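Presented below is the structure to which this report refers.
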Amino acid sequence: MPRQQVEQPVLIEVEIGTSEQAPPVKRPVDKTFRRYVQDQPMLLPPDLRDWVAVDHPARWVDDLVEHGLDLSGVYADYTEARGGPPFDPRLMLKVLIYGYSHGVTSSRALERRCRDDVAFRFLTGDTCPDFVAIARFRTRHGAALKELFTQSLALCARAGLVSLGRVALDGTKVRADASRHRAMSYDRMVSSEGRLAAEVAGLLADAERVDAAEDAAYGAASRGDELPAELARRESRLAVIRAAKSALEAEHAAAAAEQARAKAAGRGADEEQAAAAGEAAAAGAVVPPKAQRSFTDPDARIMKTSEGSFQYCYNGQAVVDEAHQVVLAGQLRQSGSDAPALPDLLARLHAFLAAAGLRGCPDRLLADAGYFSAANVAATTAAGIDPLIATGRLRHGEVPPVAPPGPLPDGLTPKQQMAHKLRTEDGRTAYARRKAIVEPVFGQIQVAQNGDRLRLRGAVKADFEWFFHLACHNLRKLRSSGWTPTQPATA
């Protein structure tokens, strides 16, 4: 069959728009297009609410800040009448909540979005706070941003998203705002301190010789006390290294003293004897040569991340409710180990639930083997929660418990008892839910909120930012449920 001939439209030059400088473009003559004139002035002032759809997330954040949150703690911080008027805290909170919820955490990136992104321009009322104002607001009101976590938990409870049935606990390594290249090990600090001290002494000697020569040439009354730039750099570097070296020595001395006091108390020593043992241990404490300290964020610690590399991190903890993956409690630790975090997390859990207006406690706590210890099992039970904590591998010589449904023998250790509990049908079924409850939360925070790395430095500020990430996660769950800030509480 002969191939059908497709008739092509005839193209002619047609003037588009009213600008005389615009070159003519070719368009099909048999097609009508919508009017498109970029230089058409607006005859009426635009309404910012026309820029975003009715169901846009920015509208929900706007209603949340205006009607759903208590901002009295933020406003109470503004007591100084002098100075220029700052940006309204409502504006800044909308920018931070919407930005963090969508993975924009850099203050410079937030400033660019306030200029270029329609949703941000709607939230700011078509104004643009600069990145310095955003960063200062985030740092100044860190405690208020952390308190938003409690408000987010209370709102989730009002929306019926908290069941307090099974909860899961886990930790994740959160990258600190510090590079491994801006750190130094203790043995390098010792060697660098001596080398830099010798270089500084040599430069000072050279400066004295130059001063003496200039005094002889120009007279002693002329100025010549400015430090050479090279000397200033070395002196500042030496001061930083000495401060980090002293901090490492004090940290290991305190750890050795605490360990010695605990051992002495365990042997029945009184307080005076335990204190003396601690002082002796602190005096003889030796810093390991490979112990490192970051110059950028001294509070961060080297930890192994999920991809297997070692980075300066904090250990972010979260207790998550099973019903809707709402975070009930959290913590940011400077230690990579998880087990010591459990007792404090239990206390925080009860405190956060009480502050959010929730009565009672979860029925069961699920945690992996990193949290197991006999003391943690006892602490969880004493808190009124049924623990289900993985035990990991049994040590050499430990007898495995009798497989269910056989009777549990007498004299088993807490680890053997927990291992038997995990082997029951109820234990296996319940523990299988741990990953599905808590691990998606960390994935959502890391991917959706870009929360795998913190922007603020120092343990206190990093803790504020971690809880703000947890609050934004709860608020995203709240919006996904269909709850609105003007919606009445559920019965």
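A few remarks follow.
- Helices (runs of 4 or more DSSP H) wholly inside the stretch 409-491 containing at least 2 residues that are touching a residue at least 60 places away in the same chain (Cβ under 8 Å) and of a type outside the set (Phe, Trp, Tyr): 434-448, 459-480
- Meets criteria (in contact (Cβ under 8 Å) with a residue 60 or more places away in the chain, of a type in the set (Gly, Ala, Ser) and assigned to a loop (DSSP other than H, G, I, E, B)) for Ser163: yes
- Boolean, Leu353 is modelled with pLDDT under 95, aliphatic (A, V, I, L, M), touching a Gly at 6+ places or on another chain (Cβ under 9 Å) and within 18 Å of Glu147 (Cβ to Cβ): yes
- So Ala159, is it within 22 Å of Ala318 (Cα to Cα), modelled with pLDDT under 95 and either in the same structural domain as Lys94 (by TED's automatic domain parsing) or of a type outside the set (D, E, K, R) (or both): yes
- Taking the criterion of being charged (D, E, K, R) and either part of a helix (DSSP H, G or I) or surrounded by fewer than 17 Cβ atoms within 10 Å (Cβ to Cβ) (or both), the residues of the stretch 331-387 that qualify are Asp344, Arg348, Arg359, Asp363, Asp386.
Here's the yes/no breakdown for (1) surrounded by 14 or more Cβ atoms within 10 Å (Cβ to Cβ); (2) in contact (Cβ under 8 Å) with a residue 40 or more places away in the chain; (3) within 31 Å of the chain's Cα centre (by Cα):
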site: Leu44; (1), (2), (3): no, no, no
site: Arg49; (1), (2), (3): no, yes, no
site: Asp62; (1), (2), (3): yes, yes, yes
site: His67; (1), (2), (3): no, yes, yes
site: Asp70; (1), (2), (3): no, yes, yes
site: Pro89; (1), (2), (3): yes, yes, yes
site: Gly99; (1), (2), (3): yes, no, yes
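- Given (1) at pLDDT below 85; (2) touching a strand residue (DSSP E or B) at 6+ places or on another chain (Cβ under 7 Å), number of the condition Val327 does not satisfy: (1)
- Thr424 being in contact with a helix residue (DSSP H, G or I) (Cβ under 7 Å, 6 or more places away or on another chain), polar (S, T, N, Q), at pLDDT 85 or above and surrounded by 13 or more Cβ atoms within 10 Å (Cβ to Cβ): no
- Evaluation of Arg140 against (1) surrounded by 18 or more Cβ atoms within 10 Å (Cβ to Cβ); (2) out of contact with any Lys or Arg (no Cβ under 6 Å at 6 or more places or on another chain); (3) in contact (Cβ under 8 Å) with a residue 24 or more places away in the chain (one fails), failing number: (1)
- Residue in the stretch 46-65 that is over 28 Å from Arg121 (Cα atoms), hydrophobic (A, V, I, L, M, F, W, C) and modelled with pLDDT under 90 present: no
- Only residues that are surrounded by 17 or more Cβ atoms within 10 Å (Cβ to Cβ) and outside any strand (DSSP E or B) were counted in the stretch 303-322, giving 1.
The values are calculated or read from the model by the stated rules, or taken from the named source; none is laboratory data. Just so it is clear, the structure is predicted and the values come from calculations on it, not from any experiment. Cβ: placed from backbone, ideal geometry, glycine included. Neighbour counts: every protein chain shown.
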